[in-house]
Structures are given as structure tokens and as C-alpha cells.
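Step one of this worksheet: look at the structure below.
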Amino acid sequence: MTTTAASPAPAPSPAPASASAERTVLRTWVWHAVCVVIGLVLLYPVLWLLTASFKSGEEVISNLSPIPKVFTPGNYSQAVDGVSGLSLWRLFGNSLLVSFGTVVGNVLSCSLAAYAFARLRFRGRGLYFALMIGTLMLPAHLMLIPQYVIFQELGMVGTYLPLILPKFLATEAFFVFLVVQFIRSLPAELDQAAAIDGCGPYRTFWHVIMPLLKPAIVTTTIFSFIWSWNDFFSQVIYLVEPQTYTLQLGLRMFVDMDGSAMFGPMFAMSVLTLVPVLLFFLAFQRLLVEGVQTTGLKG
Amino acid sequence: MSQATAPPRPMPPPSGALPAAQRPGRRRRSQALPGHVFLTPWLIGTLGLTLGPMVISLYLSFTDYDLFSRPRWVGLANYRYMLEDDRFLTSAGVTLKYALIGTPLKLAAALGVALLLNRARRGVGVYRAAFYAPSLLGASVSVALVWRALFATDGATDRSLQFFGVHVGGFTDNPDYALYPLVLLTVWQFGAPMVVFLAGLKQIPKDLYESAALDGAGRVRTFFSITLPMLSPVLFFNLVLEIIHSFQAFTPAFVISGGTGGPSDSTLLYSLYLYQQAFASFHMGYASAMAWVLLAVIALITYAVFRSARLWVFYAQEDAS
């Protein structure tokens, strides 16, 4: 590998200036070439998906060339018609509903909890905080079955409530932690100034902290959206009526069908399913990467 | 920890110019009421959806429960049955293999590419974003479907290998190879640990490299004597996180094998088998026991990594903890 260790300083070489400059240029080009190759390898599956969505069913598997022999944009109109009588718009709307509820729930409940953890002083806070950190690493499997039983007793299985309600109860400790870290980085003088102006904790939260939380809220929003949009595990467990199916569950219905005839529409729908994720990514990629850096959140 | 010494709500007359926090002898009043108000959703969630369910789950793991009739106490039978359950042992083995192959490859790729990107050059941001993208897509059903097609018989991988004279058929149809596409899928998502490594690399003081260069250390030497030790806390963090993640992988295995974990249970990851036991066979008690074993295994491995950390994780003097 041609990786130099992190030092950006040029190697102190005794070579004449012009030759070393030439070498630097060459190195930069090699570096770009390596990066582009890695990028192409990584993006290959995505490009494959894009081209497959324009191929006919038989061609998807057999034709290795990225260019379709028979250009089949009809895949997309078939995808919009949907699968097993469920239109794409219905699946899309259902997914959007789940993700929207998740985002609102996470943003509200996690910033409320984070403010208490980061700024308020009271007995038990340390214990609560330790508890919150403890749940960070807890595998969801542990709570899975009792939660299912609880939601069944409440008559909520088959509705979106088991997917959305927990988010309003700050169950995603990752986001609580993220916002706590962010609030701690805000100067405490702000709170003190607000207090001197007569603000209690509620007004301080709403008028001082909340407006400053924007970056943390954006990060929470993006991750909440993408995770809930891609979520499959809880949706496959809690959504039973086809009318309530989301895009992920709709896509999975293709799998149960035999034969390659449906491959084209299936991959067209896959592309359409990824579009919102990619849009979010392109719009916020810098914030996303920074969010991962500061908290170690996983994508 | 930052100070949260906001004065109590009833405004005291601003007699002194000193900020409240600095005023000597000031009584700090507890903010118990607002504290609990702000924490109410979290408290309900933690009690009702985390701690409560954990207790119930522990109880259920000692019962025979099918969701429809009352749980029947069976003592340790569920745990004992695991040792005789061939599919359980298979799924544990498959998961271990998946974690043991996938995690080191993923972290190696993450570290290698992080080193490559750790320089101030134009285009770094674009590459970093592009390499991170798979981490956002990898969990989706769409990508799992792509993998399924790429590794099917006569699919892209099969044909490319045939071109080189290797005839293995579709990976996903062959019990000996079916796990490897899943491993590849997790390695493909190395962007997330890479970004964490990049953040760690930025923290390493530049003067260390300067003195190493003065001492005539080469690149390899510099990497092993400076970069790797200084990065070891980050490596440790990534390692723990990746191990935990690999025990919880579900969607790709589910989609690629059509929910079966096949062929011949070769992709029966732990989460998938737990799901089958719970929601296909309605062995809720057994599945609960499996969840507790999973927790125990994760805790044990994390503990082992923590213990070994003393040997290989290096904390610089100033931020020793």
C-alpha cells in the first residue's frame, strides 16, 4: 500500500525542487486513482441496481454488461402499479408515515431527556444517566418478546403504534446521548444569563437551548429517518395487514414470487425505495459524517 | 461535565454583579421537579419498554409460552434444550464464523482507507462521503435483493468466476459458500468505522510524527510505533461495537435466504433463528432464553475485549482514565 502515515509534511528529500514537485504531483494522481478505484468497487452494487432496473427480467441475472440489451423503462411503471394489488404510493405513504412519526418522536423526547441529563441538577440524575448509557448496548432481542406481548395486550399489533410510540418515549438512547453531548458543548453562561433574565428551566429549554440544538436535531432527524426507512425487523413483526405494509415489506413480497419475470419491477422499486435515503444523504452528508465522528453512531 | 448551576426559578434581585455560579456560599437548589418533568417520556419508556420487558423476558425464559395460553413454568428446560438443539448450535456457529471473519476484515478495510484519506487534499470530502454511503444503504431490503441476485447461480459473481475457470455455482445456493456474501455485505459497510478512525487519526499530535521523522523512522515503523498505539482506543471502541453489531445482523440473511437461513441452515444467523423460534414457531419462552444467552455472550466477549484492552490499548498520559 502506498499509504504514508498521517504526516502531511512533505518528506525532507535532498532532491532538487522541480523533481520533488513533480513527484508530489505524481503522488497526488496516484492517490486520486486509488481512491476512485475504491469508490467504483464500493458503488458497483448500487450502479448494478440502477442498470438492472432498466433490464428485462431474464436479462437481470444473465446479462453482465451494464447496458441493457432491451431498454425496459416499463419496469418503473410496473413498479408504480405496485405489488400484489398494493400500489407504490400506498407503500410509500405508509413508509413515510412511520418515518415521520419516528423523527418527530425521537427529536422531541430525546431533546427533552437530554436537557435534563445535561443541565438540570437533582438527585438520581447520575443513576438515570448510567441507566441510559447501559441501555445503549442492550440487544433489542431482550425486550422483543415482552414488548410484543405488551403491544398485543394493548391491541396495537397491526397498527403503526408499536413502531412509533416507543420513539416518543426516548427509547433510542443513541440520540439521547448525541443531544446530551451537544448540549454539554454549549456554554453554561447561556443558561445563567437566561436565569438572570428570569427564565426557569422550561423557558430556558424552549427559548435558549432548543434553538441552539439545530445541528443535533438535524443529525437526529437524518439518522432517525434513514434507520426507520430501512428498518425491516420490527415492521415484519408488527405489520400484518397488507394495507399497512411499508416499502421494505412490499419489496420483500417480490421475493416470495417465483421466476425472473418480476425482477425488473422489483429492482425498479428497489431504486425508488433508496431515492429518499440518497437524497437525505446528498443533502446532509457533511453533517452525517460529523455526527458519526462525534458519537460513533453507526449508519 | 459542564456546570448546570442555573439559579432557582424565582428571580433573585440581581444584587451582585458576580454570575450566580461564582457567588460563594450559594445554596444550590435541587431541580428535581423540572428534572423529572423533562425525563417523564424517558422514564416511562425505560420502565415500560426496557426494564419491565427485561424482567418479563427473564421470567418467560423459564417458561413454555406460545403467546396464546398462559406461560407454564419449566425451570431451566429451555436453557438445557439449547445444548441438544442442533439448529441452535448451528446458528451459534454460523454467527461466530460471521463475526470472526467479518469484523477483522471490516476494521482492516476501515483503518486502511482511513489512513489513505487522512490528509489535507482536495477531494477528501467527496471520497469520504462516497465510502461512507454503503453504511447507510447496507441494512435495506433493496441492497439485500441486489446481493441475492449478484450471488445467485449464473449471476454476476458466478459468471465472473466461470470466466476464470472457477465453477462453484451460485454462492447463495451452496451451503459451503452461502455465508460469504453476507460477510462481504458487512465488510462493504466499512465506512462507519472508517469515519470513526479518521476522527481518531486527527487527534494524534503532529509533533510525534515530526520527532519520528527526525529519528529517521520509516513509514512502517511510524505506523506501528505511533499511529497504531495512539489509535488503539478508537480501534477498541470500533471492535466492541462491531462485535455487538455482528451478533444482531438480521435483514440480509432474512432476505437472501427467504427467511429460512438456508441452504442447509448455512446462513442461519442467531437473530434469524431467534425470530423463527419466536414468530414462526411461537416458542416465546425458548426465544426469550436465546435472547438472554445472546446478552451473556455479548457481555462475555465485551468483557474479554475490555480485559485484553489493558495489554494493547494505549492511553496517552494527558487523557489517561
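The values are calculated or read from the model by the stated rules, or taken from the named source; none is laboratory data. The structure displayed is predicted, hence computed values, not measured ones. Using ideal geometry, Cβ is built from the backbone for each residue, glycine included, and neighbour counts are taken over all protein chains shown. In case anyone asks, the SASA skips ligands and DNA or RNA and just uses the protein heavy atoms, side chains included. Shrake-Rupley method; radii C 1.70, N 1.55, O 1.52, S 1.80 Å.
For the stretch A:18-75, with all protein chains present and a 1.4 Å probe, just round the carbon and sulfur fraction of the accessible area to a whole percent. Kindly include the intermediate steps, with their values, before the conclusion.
Working: 2640 of 3370 Å².
In the stretch A:18-75, the share of accessible area belonging to carbon and sulfur is 78 percent.
Can you compute the radius of gyration and Dmax for the stretch B:84-319, using only the Cα atoms, both in Å?
20.6, 67
Can you tell me the mean projection area, over all orientations, of the convex hull of the stretch A:150-207's alpha carbons? Units nm², please.
5.6 nm²
In debye, nearest 20: dipole of the protein assembly as shown around its Cα centre with unit charges on the Cβ of K, R (+) and D, E (-)?
On the way: 40 positive and 30 negative charges, 480 e Å.
The dipole magnitude comes to about 2300 debye.
Applying the Karplus parametrisation 6.51 cos²θ - 1.76 cosθ + 1.60 with θ = phi - 60° to the phi angles of the stretch A:278-284, what ³J(HN,Hα) value in whole Hz is obtained for each residue in order, glycine and proline being reported as x?
Going residue by residue, I get 5, 4, 4, 4, 5, 5, 10 Hz, with x marking Gly and Pro.
Interface B/A, total buried accessible area with a 1.4 Å probe, nearest 100 Å²?
The contact between A and B buries close to 9900 Å².
Do any residues of the stretch A:158-198 show a loss of at least 40 square angstrom of accessible area between the isolated chain and the full protein assembly, using a 1.4 Å probe, and if so which?
Flagged in the stretch A:158-198: A:Leu169, A:Arg184, A:Gln192, A:Ala195, A:Ile196.
With every protein chain present, what accessible area does B:Tyr81 have (1.4 Å probe, heavy atoms only), rounded to the nearest 10 Å²?
The value for B:Tyr81 is about 110 Å².
Just to confirm a number: summing +1 for Lys and Arg and -1 for Asp and Glu over residues other than A:Ser224 whose beta-carbon lies under 13 angstrom from that of A:Ser224, what do you get?
Its environment carries a net charge of -1.
For A:Trp206 and B:Ser281, what is the calculated FRET efficiency with R₀ set at 35 Å and r taken between the beta-carbons, to the nearest 0.05? Don't skip to the end; give the middle numbers.
Numbers: r = 50 Å, r/R0 = 1.42.
That pair, A:Trp206 with B:Ser281, gives E of 0.10.
Three principal axis extents, largest first, for the C-alpha atoms of the stretch A:77-295, in Å?
Rounded to whole Å, the extents work out to 69, 41, 27 Å.
Which whole-Hz ³J(HN,Hα) couplings does the stretch B:212-225 yield from phi under the Karplus relation 6.51 cos²θ - 1.76 cosθ + 1.60, θ = phi - 60°, glycine and proline marked x?
Each residue of the stretch B:212-225 in turn: 5, 5, 4, 6, x, 6, x, 5, 5, 4, 4, 4, 6, 8 Hz.
Using the Karplus curve 6.51 cos²θ - 1.76 cosθ + 1.60 with θ = phi - 60°, what ³J(HN,Hα) values do you get for each residue of the stretch B:234-247, in whole Hz, with x for Gly and Pro?
Karplus-based 3J(HN,Hα) across the stretch B:234-247 equals 5, 4, 4, 4, 4, 4, 4, 5, 5, 4, 4, 4, 5, 6 Hz.
Residue separation times 0.36 nm, minus the C-alpha to C-alpha distance between B:Asn174 and B:Ala299: what's the value?
41.7 nm
Tell me the per residue accessible area of chain B using a 1.4 Å probe; a whole number in Å² is fine.
Accessible area per residue: 47 Å².
Summing +1 for each Lys or Arg and -1 for each Asp or Glu, what net charge is found among the other residues whose Cβ lies under 15 Å from the Cβ of B:Arg122?
With Lys, Arg at +1 and Asp, Glu at -1, the net is +4.
At B:Lys202 and A:His32, where each label point lies 7 Å from the Cα along Cα→Cβ, what is the point-to-point distance in nanometres?
Using points 7 Å along Cα→Cβ, the separation is 2.4 nm.
Regarding the stretch B:41-170, what are the three Cα extents along the principal axes, ordered largest first, in Å?
Result for the stretch B:41-170: principal-axis Cα extents of 61, 47, 26 Å.
Could you work out the equivalent-ellipsoid semi-axes for the protein assembly as shown, taking the square root of 5 times each eigenvalue of the Cα gyration tensor, largest first, in whole Å?
After scaling each eigenvalue by five and taking roots: 40, 36, 25 Å.
Give me the orientation-averaged projected area of the Cα convex hull of the stretch A:13-167, in nm², one decimal. The partial results should precede the final answer.
Values: hull surface 81.1 nm².
Seen from a random direction, the Cα hull of the stretch A:13-167 projects 20.3 nm² on average.
Normalising by the residue count of chain A, find the relative contact order in percent from Cα pairs under 8 Å and 6+ residues apart.
29 percent
Which residues in the stretch A:47-85 have a backbone N closer than 19 Å to a point placed 7 Å from the Cα of A:Gln243 along the Cα-to-Cβ line?
A:82-85
Any chance you could count the Lys pairs in the protein assembly as shown whose alpha carbons are under 22 Å apart, treating pairs 8 or more apart or on different chains as valid?
Lysine pairs meeting the criterion: 9.
Can you give the average number of partner chain beta-carbon atoms within 10 Å of each beta-carbon in peptide A:23-30, as a whole number?
Mean partner-chain Cβ count within 10 Å for A:23-30: 1.
Given the Cα atoms of the stretch B:139-267, and with Rh set as the inverse mean 1/r over their pairs in the Kirkwood sense, what is Rg to Rh to two decimals?
A ratio of 1.16.
Within 15 Å, Cβ to Cβ, of A:Leu108, how many net charges do the neighbouring residues add up to if Lys/Arg are +1 and Asp/Glu are -1?
Cβ neighbours under 15 Å give a net charge of +1.
Enumerate the amide H contacts of B:Thr63 below 5 Å, restricted to partners 5 or more residues apart or on another chain; note that Pro and chain-start residues carry no placed amide H.
Here B:Val74 satisfy the definition.
Bin by bin, in steps of 5 Å, what percent of the Cα pairs in the stretch B:115-161 do you find, going until the bin that has the longest distance?
The calculated distribution, bin by bin, is 5, 18, 16, 14, 14, 14, 12, 6, 1.
Sequence-distant or interchain residues sharing an amide H contact under 5 Å with A:Leu86, placed H: which?
Answer set, sorted by chain and number: none.
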